[in-house]
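Every number here is computed from the coordinates shown, using simple stated rules; none is lab data. All of these numbers come straight from a predicted model, not from anything done at the bench. Ideal geometry is used to build each Cβ from the backbone, glycine not excepted, and the neighbour counts take in all protein chains shown.
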Amino acid sequence: MINFLQTVPIEPQPGFMQQYNSFIIMIGLMVLVLWLFMWRPEAKRRKQMQEFRNGLKKGDKVITAGGIYGVVKEIKETTLLIEVDGNVTLRIDKNMVVADNSDLQRQ
């Protein structure tokens, strides 16, 4: 009679470690590709936008994220006061400035 409670020790197959190593290498290559094509360019763009925002000065023409065109009248630590028309001024967050109007007019 066969005893089903007896277990046969399971040994890893000879190619198991080789398959495991190739899986780790593939995951590493995928992370490298993601970094090269997604994270690195995004970080570079974010750094350029931060430098642009830090370099703003009084009189610069800007466009906000909401599409409002204006001229910088006052600069504070985290906010800008922009004049949009005549005596109409808006206080906005510096992070909401997305473009320099003069760049768009040259094109």
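Sparse packing (at most 11 other Cβ atoms within 10 Å of the Cβ) combined with a DSSP loop state is found for the following trypsin sites (Lys or Arg not before Pro) in the stretch 39-100: 57, 58, 76.
Straight-line reach from residue 61: taking Cα to Cα under 17 Å and skipping same-chain neighbours fewer than 8 places apart, the lysines in range are 73, 76, 94.
Relative to the current alpha-carbon distance between residue 18 and residue 52, full extension at 0.36 nm per residue lengthens the span by 7.3 nm. Rounded to the nearest 20 debye, the dipole size of the stretch 35-107 about its Cα centre is 300 debye, using +1 on the Cβ of Lys and Arg and -1 on the Cβ of Asp and Glu. Computed from the C-alpha gyration tensor, the three semi-axes of the ellipsoid equivalent to the stretch 38-107 are 22, 14, 10 Å, from longest to shortest.
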